[in-house]
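Right, one structure below, let's go through it.
Bear in mind that the values in this text are calculations on the coordinates, not laboratory data. On a predicted model such as this, the values are computed, not experimentally measured, just so you know. Ideal geometry is used to build each Cβ from the backbone, glycine not excepted, and the neighbour counts take in all protein chains shown.
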């Protein structure tokens, strides 16, 4: 997968709300887009925005180390567990779409 425009890919992938779970703690959350901005609603119903700079910093770090552990991204974003789950969801979704062609 090419990650350079991952924020825009996320905007497309989560135009409808998608419920996901973090890998490490299996905590539910929902990713969705509102007015071309990405939001996460956690299991406690708290909502926060995930901005393009935050996603870009996460992707830059991911391309360096390819770590699947959220703790390895704490210095660039505290939302790494959500972004890792989103990346997994998009990868699986894209591979299923490729297999069906």
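The figures follow:
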read-out: Distance in nm between pseudo-label sites at residue 45 and residue 64 (7 Å out along the Cβ direction from Cα); value: 3.9
read-out: Full-extension gain in nm, residue 92 to residue 26, via 0.36 nm per residue minus C-alpha separation; value: 22.0 nm
read-out: Relative intensity, log₁₀ I(q)/I(0), of the range 1-54 from a Debye sum that treats every alpha carbon as a point, q = 0.13, 0.15, 0.19, 0.22 Å⁻¹; value: -0.32, -0.43, -0.67, -0.87
read-out: For the range 13-29 versus the range 51-68, the gap between their alpha-carbon centres in whole angstrom; value: 18
read-out: Whole-number D in µm²/s for the chain (Stokes-Einstein; Kirkwood sum over Cα pairs; 10 °C, 1.306 mPa s); value: 115
read-out: Residue list for the range 58-99, given a label point 7 angstrom along the Cα-to-Cβ vector of residue 18 and an amide N cut-off under 12 Å; value: 83-97
